[in-house]
Amino acid sequence: MPAHSTVTETPVITTSGLTKVYRSRGREVTALDGVDLHVREGEVYGVIGQSGAGKSSLIRCVNLLERPTAGTVTVAGQDLTALAGRGPRASKELRRARSRIGMVFQHFNLLSSRTVQDNVELPLEILGKSGKERSRKALELLDLVGLADKAGAYPAQLSGGQKQRVGIARALAGDPKVLLSDEATSALDPETTRSILQLLRDLNRQLGLTVLLITHEMDVVKSVCDSAALMENGRIVESGTVTDLLATPGSELATALFPVTGEAAGADRTVVDVTFHGESATQPVISQLARTYNVDVSILGAAIDTVGGLQVGRMRIELPGRFEDNVVPIGFLREQGLQIDVVDNRAQAPALLKEDAK
Amino acid sequence: MTWSEMQPLLSQECWNTLYMVGWSTLIAIVGGLPLGLLLVLTDREGLLQNVVANKVIGQVVNVVRSMPFIILMVALMSFTRWITGTTLGREAAIVPLAIGAIPFFARLVETAVREVDGGLVEAVQSMGGNTWTIVRKVLVPESLPSLISSATTTVVALIGYSAMAGTVGAGGLGDLAIRYGYLRFESEMMWIIVAILAVVISAIQFAGDYAARSLHSRGGRSGPAPRLRLLKPAAAPGETG
């Protein structure tokens, strides 16, 4: 599987029991409620959830921009929560550790008073690099993100996508092993989003960079993530590699990633959701089914895509006759290694899916 | 009074005014900038959050600012004598002028620095920058256009204060206007001084605005000047530069 070549089993970001409680005017709001996150080296890991689910708190806790109320954060083998010290200010060790974690932001957060090159040099200034080294590295990184000709421009002269490229170049200046992406594409139009995601994917492959991104857009997870986690009310309710999630019966995340809709034409019909992942996706199973059992298969809807380089997807088909009449064809599909969910006519679409449809 | 009589007086006192205002502005900036930054940094949710320090600094600033300048000058006389050895003359006037202007400038600095986007602070924190780095690389450079406008306002206010300082023997254009224009009914003298002050203040305001605007156009669309310019339909975002 070439797509996964950069992923190893070494954990790079681990949080355990991560809890964050905000107190304001006597009220307590639990933003994170015992989050256990495991991001492996070299993967692109997406945390998805609606606003207020705690995604932002989670990513800010990873480099301790937010101090967790309880729990630990380990990045590249270093327990950051232990480095933090007691006071509200970041200790020297924590700051050193942060300089090895890149971060990109939704609103880019570039200094308007500095040129593009000077923005990229900023982390290197903090690291105390010499002027010559800084400009060499900055120009190299600007070349990497495709903005070599904009070194002397000011951020105000750039488009949103270009600003985010500068943000990414800046995040890479300290040669980080880990890149945190806080809704990096949420302020961009769809086309620019795709090019930024492609850049993140390329960097992940080329540099073996581990990327933890948070987003509220399913498409982001779908197009770049190897693994994903779904957050609701400060908890991770589902997590795993995208292919594993798809193989999990009743996975809300899989349903949301591959939404299939369509209702039975009548009461005497059986509606079945077929999930493809891995090998089975390449077999012409539906036509085999039709030929072997001489049934008329109607396709009600399908969502097939390439996730992390693998063909995966779901298809909703309709078979004539009630469920009792279709036990044998359904058994055939199961034998082909497909995951089959019989759809109850009255079943409601999962909450996440409904939210997406708005 | 003929021009040849007035001219040496005017140039002498004009110089005295600029001397007083120049030094007190310098001291106000050196003292007010850190004070204004501290007001922001020690505030709730600030990088150096310290509610007690914030309250104390805020209160001191308020007390000094609430005093009419002429009262402040009198109240500070013994302090002035301790510093300069006298309460008369331009050197002595610099003390109350600077002390009056420090909290004035500090409040303006506070407002300017609060305008800096918190995301920029977060970005530098995520790079491993400490508070001093954030002050030097983010808060001051990013608010520089506003800080220059604030300094301009402070200079103009100080020119006004310096006229009051004239009444207690500091010299300067204000003193001249009072002594000749008011006490001796030499109204030409007074109008010439008014004209000189108008020209000086306009020149300072113009220079300050120009400096702030040229920094802005570099930084682009953020900040007050371009926002006001949006009111004019002809101004396209790309025209700055």
Problem set entry | Percent of Cα-Cα distances greater than 22 Å, calculated over the range A:72-173 | 36 percent
Problem set entry | Cα pair distances exceeding 15 angstrom across the range B:1-93, given as percent | 74 percent
For this session: Please list A:HIS107, A:HIS216 in order of solvent-accessible area, largest first, computed with a 1.4 Å probe with all protein chains present.
Result: A:HIS107, A:HIS216
Exercise. To two decimal places, what compactness ratio does the protein assembly as shown give when its Cα radius of gyration is scaled by 2.2 N^0.38 Å?
Worked result: 1.34
Seminar exercise, completed: Expressed as a whole-number percentage, the relative contact order of the range A:73-223 with C-alpha contacts under 8 angstrom and at least six residues apart is 27 percent
Exercise. Out of A:GLY52, A:LEU32, A:VAL21, whose Cα points farthest toward the positive end of the dipole of the range A:2-247 (charges: +1 Lys, Arg; -1 Asp, Glu; placed on Cβ)?
Worked result: A:VAL21
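Could you compute the longest span of chain B free of trypsin sites (Lys or Arg not before Pro) located in DSSP loops and having at most 12 other Cβ atoms within 10 Å, not counting the site residues?
Here the longest run is B:45-183.
Exactly which trypsin sites (Lys or Arg not before Pro) in the range A:47-119 are in a DSSP loop and have at most 15 other Cβ atoms within 10 Å?
Of the trypsin sites (Lys or Arg not before Pro), the ones in loops of the range A:47-119 whose Cβ has at most 15 other Cβ atoms within 10 Å are A:ARG86, A:ARG89.
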Exercise. Mind checking which of B:GLY171, B:GLY119, B:GLY46 has the largest fluctuation in a GNM of chain B, springs on alpha carbons under 10 Å?
Worked result: B:GLY119
Exercise. Any idea what the relative contact order of chain A is, in percent, if you count C-alpha pairs under 8 Å spaced at least 6 apart?
Worked result: 18 percent
Exercise. Out of A:GLU324, A:GLU252, A:GLU43, any idea which swings most in a Gaussian network model of chain A, alpha carbons joined below 10 Å?
Worked result: A:GLU324
For this session: Working from Cα positions, state the angle (0 to 90°, nearest 10) between the long axis of helix B:187-219 and the longest principal axis of chain B.
Result: 10 degrees
For this session: Take the Cα gyration tensor of chain B, multiply each eigenvalue by 5, square-root it, and list the three semi-axes largest first, rounded to whole angstrom.
Result: 38, 25, 12
Exercise. When the convex hull of the Cα atoms of the range A:2-247 is projected onto a plane and the area is averaged over all directions, what value comes out in nm²?
Worked result: 13.8 nm²
Exercise. Which entries of A:LYS20/B:LYS137; A:LYS55/B:LYS55; A:LYS20/A:LYS137; A:LYS132/A:LYS163; A:LYS20/A:LYS150 show an alpha-carbon separation above 32 angstrom in the structure shown?
Worked result: A:LYS55/B:LYS55; A:LYS20/A:LYS137; A:LYS20/A:LYS150
Seminar exercise, completed: In a Gaussian network model of chain B with springs linking alpha carbons closer than 10 Å, the residue among B:ALA75, B:ALA212, B:ALA92 that fluctuates most is B:ALA75
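Students often get this wrong, so check it: of A:LYS129/A:LYS222; A:LYS177/A:LYS222; A:LYS92/A:LYS129; A:LYS92/A:LYS222, which have C-alpha atoms separated by over 28 Å?
A:LYS129/A:LYS222; A:LYS92/A:LYS222
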Exercise. What ³J(HN,Hα) values, in whole Hz, does the Karplus curve 6.51 cos²θ - 1.76 cosθ + 1.60 give for the range A:106-115 when θ = phi - 60°, with x put for Gly and Pro?
Worked result: 4, 9, 6, 6, 8, 6, 6, 7, 10, 6
Problem set entry | Shielding score for A:337-343, defined as the mean number of other chain Cβ atoms within 10 Å | 0
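The values are calculated or read from the model by the stated rules, or taken from the named source; none is laboratory data. Since the structure is predicted, the reported quantities are computational estimates derived from the model, not experimental observations. For neighbour counting, all protein chains shown are included, and Cβ atoms are generated from backbone atoms with ideal geometry for every residue, glycine included. To get the accessible areas, we keep the full protein, side chains included, count just its heavy atoms, and leave off ligands, DNA and RNA. Shrake-Rupley method; radii C 1.70, N 1.55, O 1.52, S 1.80 Å.
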